[in-house]
Amino acid sequence: MNQLPTHPVADLYPLNLENVDALAADIKANGQKLPILTLGDGRIVDGRSRYMACQKLGITPKTECIENGKTLSDEELIIIARSYNGKRRHISKLQVACITALEWKMLHPGESRGGDRTKGSKSAKVDFGEFARDNGVGERNAKKALAVANWNIELLHRAKEDPRGLEDAYEEYRKEFKESKLRTRRKNIVRKHEDLFERYQAGVFTLGEAVTVANKRNAEREEDERAELSQAEEAVRRVNGFLEFRDTLDHLDLAVRRGLITEEQLEEWKVEFPTVLGRVDV
C-alpha cells in the first residue's frame, strides 16, 4: 500500500487517535464511506484519521483528488480544510484560536505582528483581528495564540492538540517573556561595569554574581553622590547665611553692646568676610 503524505493544512487540526480505532472498527464492519481528500501529488488535505484507520486494517483507502488535481493556493486549501474539519470535529475555542494563528503564520510566514505595515495597509492588529473574527475567534484568545506562535511555533502546534493547551502554552510564554526581560535588565546593569561584564562573559561570574557586585557598586556610588550633594547644599546655605549676615551689620553692633562678641571680633570679621566672598566692600 502506497504511503500518502499529509499537506500542512491537514496537520493544523488535532488528531484524535481514539477516533482512529473507532473508525477502523466502523470501516471493518461497514466499509469506508467517505473518501480521503488529496491533492494531485497525493498529499492528504482531509482524512488523516480515515487513512490511519485503513493502514491499521491493512487495506487500500479510497481517495478523491480535489478539483481534479488543480493547483490550489494555501489560502484556498485552508478554506477547504476549515469547511470539512469545522463540521466533523468537536474542537474547543482555544484550539480554534491555535489553528487560526497557525493558519496566519502559514499564509504570512515572515509576519510577526499580525499584519502588513507597508504604506496604505491596515494596522497589523486590525488585519489579524479580522482574520481571527472570520474564524470565530475572540480577540483575547487570538492575541494569546499569535503571541505563542511568534515565540515558539512548535509549542503552538502541541497546544492545539489539547482543548486547554493554549492557556498552558501562553503561561509558559509569559513566564519566559518575564524572565527574558529580567535577564536583559540585569545584563544592562552589568554592562555599565566593563570589568564585571568581561568576567561574566568569561564565565568567572554568573550573571547573578555580577549583578550583586554591580548593585553594591551602584549603591556606594549613589551614597557618595548623596554625600557630595549634601556638602554642596551645606556650602550654599553657608554662603547664603553669610550674605544675609553681611547685609545686617547693625545687628552686630547690637551684639557688641549686648556682650555677645567683642569689638575686636567685629573688626576681624569685617576683614575676613569680604575675603571669603572675593569682594572689597562690607
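The values are calculated or read from the model by the stated rules, or taken from the named source; none is laboratory data. Note that the structure is a prediction, hence the values are computed from the model and not measured. Quick reminder, even Gly has a Cβ in these numbers, built from the backbone with ideal geometry, and neighbours come from all protein chains shown.
How many residues does the stretch 26-85 contain that are among the basic types (Lys, Arg), surrounded by 12 or more Cβ atoms within 10 Å (Cβ to Cβ) and either in contact with a Cys (Cβ under 6 Å, 6 or more places away or on another chain) or farther than 24 Å from Asn135 by Cα (or both)? Show your work before the answer.
Step one: filter the stretch 26-85 for residues among the basic types (Lys, Arg), giving 28, 33, 43, 48, 50, 56, 62, 70, 82.
If we keep only those that are surrounded by 12 or more Cβ atoms within 10 Å (Cβ to Cβ) too, we end up with 28, 43, 48, 50, 56, 62, 82.
Filter once more, so that each one left must be either in contact with a Cys (Cβ under 6 Å, 6 or more places away or on another chain) or farther than 24 Å from Asn135 by Cα (or both): 28, 43, 50, 56, 62.
Final tally of qualifying residues: 5.
Against the conditions (1) of a type in the set (A, V, I, L, M); (2) within 29 Å of Leu146 (Cα to Cα); (3) out of contact with any His (no Cβ under 7 Å at 6 or more places or on another chain), Ala29 satisfies every one except (2). Among the residues here, Val137 does not qualify as assigned to a helix (DSSP H, G or I), in contact (Cβ under 8 Å) with a residue 24 or more places away in the chain and among the β-branched types (Val, Ile, Thr).
Of all residues in the stretch 131-145, those satisfying the criterion of being surrounded by 12 or more Cβ atoms within 10 Å (Cβ to Cβ) and more than 22 Å from the chain's Cα centre (by Cα) are Arg133, Asn135. Given the criteria under 13 Å from Val96 (Cβ atoms), modelled with pLDDT of 90 or more and not assigned by TED's automatic domain parsing to the domain that holds Tyr13, does Asn135 qualify? Taking the combined requirement at face value, the residue does not satisfy it.
Can you say whether Phe245 is at pLDDT below 85, surrounded by 11 or more Cβ atoms within 10 Å (Cβ to Cβ) and aromatic (Phe, Trp, Tyr), as far as the supplied structure shows? Write out each step before concluding.
Numbers: at pLDDT below 85: yes; surrounded by 11 or more Cβ atoms within 10 Å (Cβ to Cβ): yes; aromatic (Phe, Trp, Tyr): yes.
When the stated conditions are applied, Phe245 passes them.
Would you confirm whether or not the stretch 58-78 contains a residue that is modelled with pLDDT under 80 and either farther than 30 Å from Asp21 by Cα or small (Gly, Ala, Ser) (or both)?
Looking only at the stretch 58-78, we keep the residues that are modelled with pLDDT under 80, and these are none.
No, the stretch 58-78 has no match at all.
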